[in-house]
Amino acid sequence: MKITALNGFKDIVPGEVELWQKVETAARDIFSRFNFSEIRMPILEKTELFARSIGETTDIVEKEMYTFIDKQITMRPEATASLLRAYIQHGLHVQKPVQRLFTIGPMFRHERPQMGRLRQFHQMDVEVIGAQNPRVDAELMAMGAMLLEELGVTVSLELNSLGCPACRPGFRKTLLDFIEDRYEALCDDCKRRSNTNPLRVLDCKNPSCRAQVVEAPSIQEHLCQECSDHFAVVQKGLQQLGVSYSLNKFMVRGLDYYTRTTFEFITGDLGAQAAVGAGGRYDGLIEQLGGPKVPGIGFALGMERLVLLLQQKKGAETVQGEMDLFVAGLGETASHFVFPLVHALRRKGLQVAMDHEGRSLKSQMKQANKAGAHYVLIVGEAELEQGQAVLRNMDDQKQTDIEIGTGIDKLSQSLLEICKPLDKFSDILTKRI
Ligand code: ATP
Ligand code: MG
């Protein structure tokens with residue numbers, strides 16, 4: 001019987017993996033421009049970490065976590081909690097008052113798999129810990145927007161403020177009064193939420209709940225003076241940096257730890273999976289997890305969704321393999337000769353392949369073509385005796401006879417001879433050889 005991967009768990013195979021690399025390379029480049037350092041955490045953490053940070057009554061903790069119940073450990077459903085745990089554990093605040101950290105890796109949530117929604121998915125997560133200034137909020141959102149723009153992905157940025165422990169309870173009460181009158185029209189989830197986490201009713205995806213909350217009070221109008229000032233400077237900062245955004249009073253986010261700024265990068269091209277990235281400020285969380293009293297803000301981008309968007313892009317480049325040189329040895333003697341030659345060329349930095357199956361010239365040329373080889377070195381037995389070989393430029397089909405040695409002692413001469421006509425790579429080659 002064939003064994004297949006679990007539902008919601010996906011292999012990323014060659015041909016697709018190149019897009020993942022593209023996304024990751026672009027992200028690493030931009031994160032370093034903004035002065036972020038990488039951090040890597042384990043995938044398993046104590047369950048309590050997520051219960052205490054994400055919140056006991058959130059969807060993630062209530063029903064989406066992969067937990068080994070007997071061991072009280074959980075496969076991380078998101079990165080922020082683990083990252084903060086590491087920050088606290090290693091006293092990173094002592095090294096630098098403001099830490100700018102990013103991490104890239106898999107997360108696990110037991111959700112219903114669909115396009116852009118998996119059970120193992122990948123996030124690129126960035127966090128700034130120790131910065132209170134609202135300009136940092138704007139800077140972070142601008143960084144996300146810059147990355148998405150460089151990847152050629154079109155999204156809109158939606159912004160809200162969730163206030164702070166000083167003003168949110170007041171709003172919660174106002175909202176509860178509003179919800180009370182509409183309670184019977186809400187879905188079962190929202191009926192339950194209105195007791196535990198009434199703000200979540202605002203971002204329920206159920207159309208009838210949505211209709212009920214259209215007229216709901218806006219938290220933006222119930223912020224305390226400090227939160228309101230903060231929110232104003234965030235928006236001013238976005239304007240200064242030329243980042244367009246819209247305000248969304250319904251955006252609550254599914255994690256309890258957010259305070260003040262929350263935001264999402266939204267696409268219209270992935271059906272229900274509209275959020276490409278999301279994040280916000282979590283000023284009380286580090287202290288709540290036993291760390292120093294420092295503020296923090298961060299966001300995570302979903303890599304599956306980014307890759308889907310890149311795949312959907314009109315005229316998306318088909319990813320094709322490439323290699324510098326394919327060495328076609330014809331017959332056992334020639335293969336025996338080219339075997340160390342290929343190794344030496346690789347040591348020089350060239351990307352080289354050869355055939356080990358004794359295939360015909362025709363079949364090896366096909367192989368070279370498929371691999372995207374720029375050059376093919378053809379070494380036949382008769383030519384080899386004369387110290388000769390043919391180098392074929394696969395881009396213009398021109399062939400050149402070249403001198404190669406007749407033994408391993410001539411290897412370096414052969415290398416130079418082989419490399420000389422590869423003028424396309426002359427710059428690299430002079431450096432490498
Ligand atoms: P959604 O509303 O789509 O469920 P979320 O609010 O649960 O998203 P976050 O916890 O904020 O998502 O995670 C940040 C990003 O990670 C999301 O914007 C999304 O791109 C991605 N993401 C979250 N859950 C999944 C999943 N199950 N599969 C693929 N990507 C996901
Ligand atoms: Mg979710």
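List of remarks:
- Solvent-accessible area per residue, Å², over the chain with all protein chains present [probe radius 1.4 Å]: 50 Å²
- Cα centroids of region 101-159 and region 188-221: 24 Å apart.
- Long-range HN-HN contacts of I73 with modeled amide H, under 5 Å: T47, F68
- Cα gyration tensor, region 1-58 - rounded (a/c under 1.5), prolate or oblate: oblate
- Dimensions of region 152-211 along the principal axes, based on C-alpha atoms and rounded to the nearest Å, stand at 44, 31, 16, largest first.
- Cα-based reach from K366 at 13 Å (exclusive), listing aspartates and glutamates while leaving out same-chain residues under 8 positions away: D355
- Note on the chain: Cα-only Rg and Dmax are 28.5, 95 Å.
- Helix-only CD estimate at 222 nm, as mean residue ellipticity for the chain, using -39500 (n - 2.57) per DSSP H run (n ≥ 4): -11000 deg cm²/dmol
- Accessible surface of the chain [probe 1.4 Å, protein heavy atoms]: carbon and sulfur percent: 51 percent
- A simple rule links phi to the HN-Hα coupling: the Karplus curve 6.51 cos²θ - 1.76 cosθ + 1.60 with θ = phi - 60°, which for region 175-191 gives 5, 4, 4, 5, 5, 3, 5, 10, 3, 5, 8, 7, 6, 4, 4, 6, 4 Hz, with x for Gly and Pro.
- Degrees separating the helix 17-33 axis from the principal Cα axis of the chain, which is the longest one: 60 degrees
- Over all pairs of different C-alpha atoms, region 92-134 has a mean inverse distance whose reciprocal, the Kirkwood radius, equals 12.7 Å.
- Computed about its Cα centre, the charge dipole of the chain is approximately 580 debye, with only Lys, Arg, Asp and Glu carrying charge at their Cβ.
- Within the shell of other residues whose beta carbon sits under 14 angstrom from the beta carbon of G271, the net charge comes to +2, with Lys and Arg scored +1 and Asp and Glu -1.
- Karplus (6.51, -1.76, 1.60) ³J(HN,Hα), θ = phi - 60°, over region 348-363, in Hz, Gly and Pro reported as x: 6, x, 7, 9, 10, 9, 9, 9, 10, 9, x, 6, 6, 4, 4, 5
- Residues whose placed amide H lies under 5 Å from that of R260, excluding near-sequence neighbours: L162, G163, C164
- FRET efficiency for the H110 to A371 pair, using the beta carbon distance and R₀ = 30 Å, is estimated at 0.15.
- S363/D11 FRET efficiency (R0 25 Å; Cβ-Cβ; nearest 0.05): 0.30
- Taking the average, over residues, of other Cβ atoms within 10 Å as the packing measure, peptides 68-81, 209-222, 293-306 rank 293-306, 68-81, 209-222 from highest down.
- Rounded to the nearest 10 degrees, the inclination of helix 134-150 to the longest alpha-carbon principal axis of the chain is 40 degrees.
- Cα centroid separation, region 18-87 to region 277-345 (Å): 18 Å
- Shape call, region 101-231: gyration tensor on alpha carbons, a/c limit 1.5: oblate
- Under Karplus coefficients 6.51, -1.76 and 1.60, residue-wise ³J(HN,Hα) of region 271-282 in Hz, glycine/proline x: x, 5, 8, 7, 8, 8, x, 7, x, x, 8, 9
- Full extension of the chain between D229 and K293 yields a length gain of 20.9 nm, computed as 0.36 nm times the residue separation minus the alpha carbon distance.
- Ordering of 356-363, 235-242 by burial proxy (mean other Cβ atoms within 10 Å per residue, highest first): 235-242, 356-363
The values are calculated or read from the model by the stated rules, or taken from the named source; none is laboratory data. Note that the structure is a prediction, hence the values are computed from the model and not measured. Heads up, the Cβs are rebuilt from the backbone with ideal geometry, glycines too, and the neighbour counts pull from every protein chain shown. Side chains are part of the model used for accessible areas, which takes the heavy atoms of the whole protein and leaves out ligands, DNA and RNA. Shrake-Rupley method; radii C 1.70, N 1.55, O 1.52, S 1.80 Å.
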